[in-house]
Structure formats: structure tokens, C-alpha cells
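Colleague: One structure coming up, written as C-alpha cells, with questions to follow.
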Amino acid sequence: MRIRVLFFGVLRDIVGLREDSIDVAAGARVDAVFEHYAASFPRLRETSSSIVLALNQQFSQPSAPLADGDEVAFLPPVSGGSGKFLQEIADPAGHYFAITREPIDGRALVERLQQPFDGAVVTFDGVTRNNTKGRATRYLEYECYEAMAIRMMAQIGLEIASRGTEAGQISRIGIIHRLGRLEIGEASVVVVATSPHRKAAFEAALDGINKLKRLVPIWKKEFFADGEVWVEGEWDDSVTKARS
């Protein structure tokens, strides 16, 4: 069976590949793909407790069976189409999720989501700052597993909207994340929540960005005057790792 394999973030640097393909025996499982690369790249095994595997754009157990033509992705901890948006999902209820390489227009997202009965609109902008622990930052670069990231963004948003919050119901929620190079002061992500009441909107926006940072496969590389580094993140406890 022929399997397509993708590597992201720091794992791409370890393996030296963005994409590969391998042959596995009939009946092989996802962990066979991991073992294939771990045998050649010991650092994968050393960091396996923080690596997540995805099968056909969904989080996967290592024991999941493989089929010919499957796609397996190696995902390090998260740090955080066509035309303007590389990927987008517009839910029938009016929720909206997108990935772009262009500057994010937060006001346009608000106008798309806000309805006449909304008494509160809360916008969270994640903005590139000029330092990390006192070390001067020149710029950032973001990359992601696009097809999976947009699905996870929508899943997070729709779950928040469907259950509301302790403070009340959410009218609509929208999330846009930017990829590529970001200069100091530019927004990497915008989360907008609308509601008839302010507390529900605040809670939804906070819940949205917190879940995005731990569940959506997006990675950040920080560039300094004297070097560069992939920013270490942390997976949500609900996600199964390559090795426990």
C-alpha cells in the first residue's frame, strides 16, 4: 500500500522533508508509519510524547488501520481556496472560518457576523509583539496543515455556538487565521463573537482562542536578529500522542 506522509513545523526540519510517500504492508497501522521515520530520525522517538498523528485530516490513534492512498501527517505541538482565502467555511447559520495569507480585516468580519438583535460584539486580535522574554523579535512566520486546520477551526466555533456559555447564547462566531510572514504589530488571528449580551460574547471569544491554541494544527516560527526558533506549544489533553 502506498501512503502519503506530511511533516509540519519543527518536525519538517528534523526529517528534512515537507512531504514523502512510503510503501507499507497490507494491514499496517498508523504507528508503522511513525516507526518507519523514527528508525531514521531518533529525535522523533525522543519527542514522541508531544507528536500527534493525523490520518486523512483527522486526529488519529496510532493503532488506526491504513488503506492504500491514505494520508498521514506528523504534527508537532501547536503554538498557536482561492482568491483572498486559502480555505474557508461559511456555516448556514452565519458562522465563518477562514485561513488567509493577507492582512486580516477584523471590521469586515464583524460586519459579516453582527445582527440587529446583537447587543455585544467582542473581537480578539492576536498581534505580533516585538519581543519574547526581552529578546527582540524581527518577524514571525506561520504555517499550518490547511485542510485539517480549517475543519478544526469550524468544529471549535460550532461547538461553542451550539452550547452557548453560562452567560447566555452566542449568535455567531467567526475565526480567521493568517499564514506566512507577519511583521510586528500585524494580527495573526482574529476571533469575533456576537451575542445579545456582553458576558456570553466575552466568554465565547476567550474560549475560542484558547481552544484554537491547543487544537488547531498551526505553527509559529519566531525570527530574531541572532537566530530563529519554532515556538513550542502544547496539545490539548484530549488529543492522543504518537507515544504516551
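Colleague: If a residue has to be of a type outside the set (Val, Ile, Thr) and assigned to a helix (DSSP H, G or I) to count, how many in segment 138-158 make the cut? Spell out how you get there, then give the answer.
Modeller: Within segment 138-158, the first condition is being of a type outside the set (Val, Ile, Thr), and the residues that meet it are 138-149, 151-155, 157-158.
From what's left, assigned to a helix (DSSP H, G or I): 146-149, 151-155, 157-158.
Counting residues in segment 138-158 that are of a type outside the set (Val, Ile, Thr) and assigned to a helix (DSSP H, G or I) gives 11.
Colleague: Tally up the residues in segment 60-78 that are closer than 25 Å to LYS220 by Cβ, modelled with pLDDT under 95 and surrounded by fewer than 20 Cβ atoms within 10 Å (Cβ to Cβ), please.
Modeller: 0
Colleague: Right, another one. Can you confirm whether segment 125-137 contains a residue that is assigned by TED's automatic domain parsing to the domain that holds HIS197, in contact with a helix residue (DSSP H, G or I) (Cβ under 8 Å, 6 or more places away or on another chain) and outside any helix (DSSP H, G or I)?
Modeller: First, the residues of segment 125-137 that are assigned by TED's automatic domain parsing to the domain that holds HIS197: 125-137.
If we keep only those that are in contact with a helix residue (DSSP H, G or I) (Cβ under 8 Å, 6 or more places away or on another chain) too, we end up with 125-126.
If we keep only those that are outside any helix (DSSP H, G or I) too, we end up with 125-126.
The answer is yes, given that some residue of segment 125-137 is assigned by TED's automatic domain parsing to the domain that holds HIS197, in contact with a helix residue (DSSP H, G or I) (Cβ under 8 Å, 6 or more places away or on another chain) and outside any helix (DSSP H, G or I).
Colleague: OK, next. Take the residues in segment 1-56 that are within 19 Å of THR240 (Cα to Cα) and hydroxyl-bearing (Ser, Thr, Tyr); name whichever of them is surrounded by the most Cβ atoms within 10 Å (Cβ to Cβ).
Modeller: TYR37
Colleague: Is it true that GLY180 is crowded, with 20+ Cβ neighbours inside 10 Å and closer than 30 Å to LEU6 by Cα? Write out each step before concluding.
Modeller: Numbers: crowded, with 20+ Cβ neighbours inside 10 Å: no; closer than 30 Å to LEU6 by Cα: yes.
No, not satisfied.
Colleague: Exactly one of these conditions fails for VAL72: (1) under 19 Å from ASN210 (Cα atoms); (2) in a strand (DSSP E or B). Give me its number.
Modeller: (1)
Colleague: May I pose another question? Identify all residues within segment 184-228 that are surrounded by fewer than 17 Cβ atoms within 10 Å (Cβ to Cβ) and within 18 Å of ARG112 (Cα to Cα); write none if there are none.
Modeller: Restricting attention to segment 184-228, the residues satisfying the condition of being surrounded by fewer than 17 Cβ atoms within 10 Å (Cβ to Cβ) are 184-186, 196-199, 206, 210, 223-228.
Of everything in segment 184-228, just one residue is surrounded by fewer than 17 Cβ atoms within 10 Å (Cβ to Cβ) and within 18 Å of ARG112 (Cα to Cα), namely PRO196.
The values are calculated or read from the model by the stated rules, or taken from the named source; none is laboratory data. Quantities reported herein were computed from a predicted structural model and do not represent experimental measurements. Note: ideal-geometry Cβ built from the backbone for every residue, glycine included; neighbour counts use all protein chains shown.
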